[in-house]
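The values are calculated or read from the model by the stated rules, or taken from the named source; none is laboratory data. Here the structure is a predicted model, which means the values were calculated and not measured. Cβ placement follows ideal geometry from the backbone for every residue including glycine, while neighbour counts extend to all protein chains displayed.
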Amino acid sequence: MSKGLSYFLGIVTGILLTLGFFAVKAFTSKQDGENGLQTEKEAKLPDGVTMLDEPVPFNEAKNFQILQVVFEDAALAQSEKKMQYTGSIYYTDPVVLIVADEKNTFYDDQIVKAPKDCKVIQVGTYNYKTQMGWKTVPIIRFAKATDRRYSNKP
């Protein structure tokens, strides 16, 4: 066999092996997504975030005022409280970390209200440092009231 033909077959073999490698890698990545395995971005939680094994109802409040956006899809917020005698509304503790759904984002001082067909659930805790020391707050999100995954369990 001539040197030119060997050289040409070597290049073709290298190209085919490279394409085969990328095809296998793409196929296995697709299967991981279909099997419910998390991607690296989904599995990586920000520092200070601890997720609960099962969400629990959060009955403290249904309306919140955003204090500060801390992640791309999450913000610290104060809970709404009504003064008992005057009926006026103010925002105070407990502070919570609200996680946005796919179609919403937050901005400072925004008033966020739980949709009528949703309930507020706690999905974890967020631990962060303030000037006064460390603070741990619940991580909440809104879930459809009909979603059985978030029903009250004894």
statement: (1) modelled with pLDDT of 90 or more; (2) of a type outside the set (F, W, Y); (3) loosely packed, with under 11 Cβ neighbours inside 10 Å all hold for T125 apart from (3)
- request: Could you please give the count of residues in region 71-122 that are at pLDDT below 80 and surrounded by fewer than 17 Cβ atoms within 10 Å (Cβ to Cβ)?
  value: 16
